Amino acid sequence: MSVNKLISQRRSIRRYLKNPVERKKILECLEAARLAPSADNVQPWRFLVIDDPEIKDKFSKAVFSGIYSVSKFAAKAPILIVILARLDIIANRIGKQIQGVNFYLIDVGIAGEHIVLQAEELGLGTCWIGWFNSRKARKVLNIPKKYKIVSLLSIGYYEKRPHKEKKRKALEDIAWFNKID
């Protein structure tokens with residue numbers, strides 16, 4: 001499938017089927033992320049895959065409660081991936097000081113999107129989740145402080161629906177050549 005077709009058909013999925021996801025497919029998604037580019041090739045991303053139903057249930061109850069309940073749909077996905085960044089990498093600290101940019105966030109975003117696109121090609125749906133209780137996530141999963149929890153990805157099979165055109169701004173409204181109009 002062409003990359004453009006893959007991108008245009010990809011959707012954020014919030015309703016998952018109960019079908020389990022094969023470990024082989026998850027490993028293919030993680031391999032796609034592993035191959036992502038990163039600033040100075042530091043590869044700051046780390047991924048904690050939650051596929052054990054008991055652990056996922058305990059985690060979901062903790063991180064999708066209270067003001068975070070809008071994200072509780074993710075608890076029904078068969079797989080949750082906690083996307084982490086390793087923070088003690090010198091290139092990222094220098095980049096932040098000199099450029100004022102957290103390059104690890106860009107790097108992790110690219111790697112995460114590699115997962116998303118690979119999952120789509122494999123017939124799996126995904127949803128990026130940024131609204132969750134990261135403090136409770138760290139506690140429930142015993143995540144060391146050297147890792148920053150950046151986001152979550154829900155992954156699973158979903159009911160295919162007819163393709164609808166995505167609402168997006170016109171290209172001329174978001175991109176210019178040589179000067180900003």
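The values are calculated or read from the model by the stated rules, or taken from the named source; none is laboratory data. Everything quoted here is computed from the prediction, not taken from an experiment. All Cβ positions, even for glycine, are placed from backbone atoms using ideal geometry, and neighbour counts span all protein chains on display.
Computed values, structure above
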| read-out | value |
| --- | --- |
| Residue within the stretch 23-30 that is surrounded by fewer than 20 Cβ atoms within 10 Å (Cβ to Cβ), over 21 Å from ARG135 (Cβ atoms) and aliphatic (A, V, I, L, M) present | yes |
| Breaking point among (1) modelled with pLDDT of 95 or more; (2) assigned to a helix (DSSP H, G or I); (3) of a type outside the set (Ser, Thr, Tyr); (4) surrounded by 14 or more Cβ atoms within 10 Å (Cβ to Cβ), for ALA91 | (1) |
| Residue satisfying condition, being closer than 18 Å to TRP131 by Cβ, in contact with a helix residue (DSSP H, G or I) (Cβ under 9 Å, 6 or more places away or on another chain) and not aliphatic (A, V, I, L, M), within set LYS56, LYS18 | LYS56 |
| Tally of residues being surrounded by fewer than 19 Cβ atoms within 10 Å (Cβ to Cβ) and farther than 14 Å from ILE26 by Cβ across the stretch 109-136 | 11 |
| Test for VAL140: is it in contact with a Phe, Trp or Tyr (Cβ under 6 Å, 6 or more places away or on another chain) and surrounded by 18 or more Cβ atoms within 10 Å (Cβ to Cβ) | no |
| Test for SER2: is it out of contact with any Cys (no Cβ under 7 Å at 6 or more places or on another chain), under 26 Å from GLU159 (Cβ atoms), surrounded by fewer than 17 Cβ atoms within 10 Å (Cβ to Cβ) and of a type in the set (Gly, Ala, Ser) | yes |
| Residues of the stretch 1-58 classified as part of a loop (DSSP other than H, G, I, E, B) and free of Cβ contacts under 8 Å to residues at least 24 places away in the same chain, total | 3 |
| Residue that is farthest from LEU141 (Cα to Cα), among those in the stretch 59-79 that are in contact with a Ser or Thr (Cβ under 6 Å, 6 or more places away or on another chain) and not in a helix (DSSP H, G or I) | ALA77 |
| Residue tally, condition modelled with pLDDT under 95 and on the phi < 0 side of the Ramachandran plot, over the stretch 34-43 | 3 |
| Hits in the stretch 164-175 - residues which are loosely packed, with under 10 Cβ neighbours inside 10 Å and either in contact with a strand residue (DSSP E or B) (Cβ under 6 Å, 6 or more places away or on another chain) or in a loop (DSSP other than H, G, I, E, B) (or both) | LYS164, GLU165, LYS167, ARG168, LYS169, ALA170, ALA175 |
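Conditions (1) among the aromatic types (Phe, Trp, Tyr); (2) outside any helix (DSSP H, G or I); (3) without any contact (Cβ under 8 Å) to a residue 40 or more places away in the chain; (4) in contact with a Ser or Thr (Cβ under 6 Å, 6 or more places away or on another chain), marked per residue:
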| position | (1), (2), (3), (4) |
| --- | --- |
| TYR104 | yes, no, no, no |
| GLY112 | no, no, no, no |
| ILE115 | no, no, no, no |
| THR126 | no, yes, no, no |
| LYS136 | no, no, no, no |
| LYS145 | no, yes, yes, no |
| LEU152 | no, yes, no, no |
